[in-house]
1. Given the options SER93, SER179, SER243, state which has the largest fluctuation in a GNM of the chain using a 10 Å cut-off (strictly under) for Cα springs.
2. Using a Gaussian network model on the chain with a 10 Å cutoff between Cα atoms, which of ALA255, ALA333, ALA231 fluctuates the most?
3. Quick one: order LYS126, LYS260 from most to least accessible surface, probe 1.4 Å.
4. Under 14 Å from the Cα of LYS27, which aspartates and glutamates turn up, not counting those fewer than eight places away in the same chain?
5. Can you give me the accessible area per residue for the chain, using a 1.4 Å probe, in Å²?
6. Can you give the Rg to Rh ratio of segment 114-181, both from alpha-carbon atoms, with Rh computed by the Kirkwood formula?
7. Convert 37 °C to kelvin, take the viscosity as 0.692 mPa s, use the Kirkwood radius over C-alpha pairs of segment 1-60 as Rh, and evaluate the Stokes-Einstein diffusion coefficient in µm²/s, rounded to a whole number.
8. Tally up the carbon and sulfur contribution to the accessible surface of segment 299-360 as a whole percent, 1.4 Å probe, everything protein left in place.
Amino acid sequence: MERALELSKSCLGKTDSNPPVGAVLVKDGVVIGEGFTEHVGGRHAEIVAIDQAGSLTKGSTLYVTLEPCCHYGKTPPCTDRIIEEGIAKVFISVIDPNELMNGSSILHLQSNGVEVVIGDEEEAAKQIMEGYLHRISSGIPFVTAKFAMSLDGKIATSTNESKWITNEKSRHYSHYIRSISDAILIGVNTILIDDPKLTARNEIGELRENQPLKIVFDSKGRTPVNATLFAPGHDVIIFTNDSDKIWEETINNQAVSIIKMPGSDGRVDTLMALRYLGQIGINSILIEGGGTIISSFFEAGLVDKIEAFIAPTIIGGENAPSVVRGIGALDLANSWKLHNMTLDWLDEDMHITGYVAKKG
């Protein structure tokens with residue numbers, strides 16, 4: 001199962017709306033097949049492993065990180081293939097909360113003589129598949145806020161200089177986080193100030209094979225037509241509230257989707273936008289915007305996780321922007337608390353990962 005978890009992690013950001021599943025087939029103590037989920041419409045992890053094993057599957061044991069499917073979708077049911085191939089035993093980490101499965105596959109396997117064991121490495125598998133599990137359970141994507149800041153919580157100087165607060169190793173790791181996310185989200189102010197590419201690159205600066213969807217919250221339609229993020233072959237969605245029709249027509253010529261999500265405060269309705277993204281199969285979103293867009297997600301209770309990169313630098317200045325702006329917590333009892341935190345060092349930079357406890 002540990003190998004299945006490695007395979008599951010290796011396909012993060014590459015499976016579209018499908019869950020990132022890993023599978024390993026073992027017979028007489030020897031691995032005879034392994035695989036991970038392909039793009040939507042491609043093979044599921046179990047089928048990749050079975051195809052690799054060929055004629056050796058009879059009497060084998062399958063280790064898989066998520067309950068196999070038992071329904072016809074874009075591919076036939078995995079459970080039918082497991083039964084047909086004579087696989088004797090299946091270890092499953094996590095029951096799929098999708099209403100089409102949710103234990104049905106397990107009953108189907110058991111009723112056809114396959115022994116099933118549930119819960120092997122469950123927590124580790126859930127963490128890898130947290131985006132998919134969150135979307136299926138809640139209808140909205142799993143949201144991670146990523147930021148690079150100084151030791152005193154500043155993301156730029158008072159003159160908006162922010163390149164580079166953190167070191168090269170932190171920036172490389174940030175690109176890895178982008179690569180395992182389905183989408184990157186920023187506010188229009190980040191475009192106007194930094195004009196980012198929002199691409200995921202490897203250690204030598206080359207584009208990775210899979211690029212995340214780019215999402216912009218732009219309530220008044222201020223994104224420049226020549227913004228760098230409008231690169232050929234890169235999908236962009238702009239959510240707006242009250243944009244100008246001429247601007248919309250001009251931007252649409254850039255093959256960009258413009259979607260009206262009006263909020264009562266003149267901004268984009270954050271929750272409505274997330275519901276839309278959940279409906280089109282976006283499992284995970286990485287927020288990389290400034291303090292305004294990050295604060296809007298915190299205040300709406302929609303941040304699930306943080307990835308913080310902290311440099312041993314003091315910027316200072318009351319006008320220097322901080323990570324979370326807006327109103328903020330009015331008292332400590334209502335501040336946002338983190339749990340399940342991990343800390344590691346990227347040379348002299350500190351990297352903190354934590355999950356946001358939901359208020360109430």
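The values are calculated or read from the model by the stated rules, or taken from the named source; none is laboratory data. Predicted model only: the values in this text are computed from it and were never measured. Methodologically, a virtual Cβ is constructed for each residue, glycine included, from the backbone with ideal geometry; neighbour enumeration extends over all protein chains shown. Note: accessible area is taken over every heavy atom of the protein model, side chains too, but ligands, DNA and RNA are not part of it. Shrake-Rupley method; radii C 1.70, N 1.55, O 1.52, S 1.80 Å.
1. Top of the fluctuation ranking is SER243.
2. Evaluated over the chain, the most mobile residue of the options is ALA333.
3. Details: LYS126 75, LYS260 100 Å².
So, going from the largest accessible area down, we get LYS260, LYS126.
4. Qualifying aspartates and glutamates at Cα under 14 Å: GLU85.
5. On the way: 17000 Å² over 360 residues.
Accessible surface, normalised per residue, equals 47 Å².
6. Details: Rg = 18.2 Å, Rh = 15.4 Å.
That ratio equals 1.18.
7. Working: Rh = 11.4 Å.
It comes out at roughly 288 µm²/s.
8. On the way: 2100 of 3700 Å².
Taking all protein chains in place, segment 299-360 shows 57 percent carbon and sulfur surface.
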